[in-house]
Each structure stands twice: as structure tokens, then as C-alpha cells.
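The values are calculated or read from the model by the stated rules, or taken from the named source; none is laboratory data. Not measured: the values here are computed from a predicted model. Don't worry about glycine lacking a Cβ; one is built from the backbone with ideal geometry, like all the others, and counts go over all protein chains shown.
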Amino acid sequence: MDYQGIIIRPPSEANSIILQVTVGCSHNKCTFCGTYKGVRFRIKPESVVQQDIEFAARYCKRQRRVFLADGDALIIPQVRLLRLLGTIRERLPWVTRVGVYGNAKSIRSKTLEELVALREHGLGIVYMGLETGDDVTLKRIRKGVTVDTIVKMGRKAMEAGMKLSVTVLLGLAGPERSGEHAEATGRALSAMDPEHVGALSLMLLPNTPLGRDYAEGRFRLLSPMEMLRELKAMIAHTDLSGGLFHANHASNYLPIKARLPRDKEVAIGLIDKALRGELSLKPDWMRAL
């Protein structure tokens, strides 16, 4: 397989066939993300991707899912993306679902009818970074889009029949806007109502603007207890119609798995126990991106 640079994928795609069809991220300006710094976004040649599909056809017959990397493969022009999905269906007929990262810009670039066509050709799930429902914080991290646009584009993907998995970042607003971040994120998630929410805890990298702000004293990371209080407020303000809310990523201090609204009070109760010191938290040396 032809892999260039750092390859990332959602935790739920750990056992998927990873096809790198783009290199880098089409936005690549978020202050907290260091994954693609110094990498110019490009779409890989079809001939290279075809060779990888042929490799998968020979050696990856146990995997039932495909994930299209890198940071925003949904930005690929429609005709070419449909051709890629058709090739996957033809050469990997045992694959039941294709997943992709998608941001608001790439979803907005496609009509609802185009998204439906992608879903009909096998694109079953879009992973989308909301990060925060607080527009002030979104502007600070240079996300390049408003909360309202992210919510509308997430709902657009679901209207096309795709599953939507949304990521949010605990601690992203720092201590001064922690409450606003938590409550506004809960409201944005409620408005979007995705099938899955993944809450990660902010971990800073030295090659990022936010990491440099931290090193130079302009940004403070939340303490573990502050992270838990923020998570509690976020869950309290999130109303999903049966969606999963997971905070069990390797970066989190306390693993939470809840289906909302059914498990909301149980999840909040676990957080309260941790805040009272009745549950052990993951030590920092065990946490990872």
C-alpha cells in the first residue's frame, strides 16, 4: 500500500482497509492540529490508488470496511469519487461500508443529490469535526466556519442517508470559556442529532499555534477535574434521539459510553463519582492522541 506522511483514521476504523486517496487536509489551519503541518494538500493519482485497491483485493479479504484517508477525502470531485467508489464495489465486493472524513466546506460543495449518489455507491459514514459549539472558540482556533454551518452540513449528510459521527474537544476553550464551550457544544450536538458523538480531551503538540500559546503562557490546559466538569455540563446539555455519546478515547481521563437520552443520568452519576474521588482517573502517562 502506498502511504505518504502520517495516516490518521477514526478509532472505529481500526480494522478497516485504509486507502489513502488524498494527502493532507484541505483546510489545515486549525490551531490545535499538528497532523499535516508543512504538508500541501493534494489528491493522489488514480493509478496509485488503483494499485492499492488491487493489493486489498488480494490480501484484505477479511476486512469488511474501507476508510478513505487523509483529512478530507470528501473534497474529491464528484465524478472521480463516484468512480473510486465504483471500483471499490467491483474489486472489493465483500466490503459493506466506506467511510470518510468530511468537513463543512466539502459537504457544502456537493448537492444533496450528489451526496445521495455517493451513499448509493457505498459511502456510508462521514466523520466530522465540530470541535466546539461556541463560535468565539471556533474563530480562535481558525476552524474557518460557523457553528450554524457545521450543524446544517451535518444534517445535510444525514438527510442523504449517511451516518454521521461528530468529534468534539474537551478543554479547547481553556478555563475562561469552559462553561460556554460545554453548553454551546451540547446545544449544537442536539441540533445536529448525529448517530455518534466522540468527545476527546485536548492534548497539545509543540508544532501547533495552540501548543506554542501554551508554552508561552497564553493558554492554560484544564486540569483533570476541570475536564470532568466540562464533560458533565456538555452531556447535560446534549439531547440526542438515541445517539451514542462516547468519551472513551485514549486521551480521556474517565471512559464514558452512553446512549442518550437513556443513559444520561448514569453518565453524569459516574462523572460525579469521579469528581468526589470515588473513581480513579487515567494517569497522564497512559493518555494518548
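Could you list, in sequence order, the residues of segment 1-29 that are of a type in the set (Ser, Thr, Tyr) and part of a helix (DSSP H, G or I)?
Ser12, the sole residue that qualifies.
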task = Would you tally the residues in segment 241-266 being surrounded by fewer than 21 Cβ atoms within 10 Å (Cβ to Cβ) and among the small types (Gly, Ala, Ser)?
result = 4
So Arg155, is it of a type outside the set (Asp, Glu), touching a strand residue (DSSP E or B) at 6+ places or on another chain (Cβ under 9 Å), surrounded by fewer than 22 Cβ atoms within 10 Å (Cβ to Cβ) and not in a strand (DSSP E or B) = yes
remark   = Flagged pairs (Cβ under 9 angstrom, 6 or more apart or on separate chains; first in segment 158-183, within 30 Å of Arg97 (Cβ to Cβ); second outside any strand (DSSP E or B) and among the basic types (Lys, Arg)) are Ala160/Lys110; Ala160/Arg119; Gly161/Arg119; Met162/Arg119; Leu164/Arg155; Leu172/Arg140
query = From the set of residues in segment 47-75 that are modelled with pLDDT of 95 or more and acidic (Asp, Glu), which is surrounded by the fewest Cβ atoms within 10 Å (Cβ to Cβ)?
reply = Glu54
ask   = Which one is farthest from Ala173 (Cα to Cα) among residues in segment 192-206 that are in a loop (DSSP other than H, G, I, E, B) and touching a strand residue (DSSP E or B) at 6+ places or on another chain (Cβ under 8 Å)?
value = Glu195
request  = Take the residues in segment 113-135 that are among the β-branched types (Val, Ile, Thr) and either within 14 Å of Ala73 (Cβ to Cβ) or touching a Ser or Thr at 6+ places or on another chain (Cβ under 6 Å) (or both), then tell me which one is surrounded by the fewest Cβ atoms within 10 Å (Cβ to Cβ).
outcome  = Ile125
ask   = Is one or more of the residues making up segment 49-60 part of a loop (DSSP other than H, G, I, E, B), within 21 Å of Leu164 (Cβ to Cβ) and not small (Gly, Ala, Ser)?
value = no
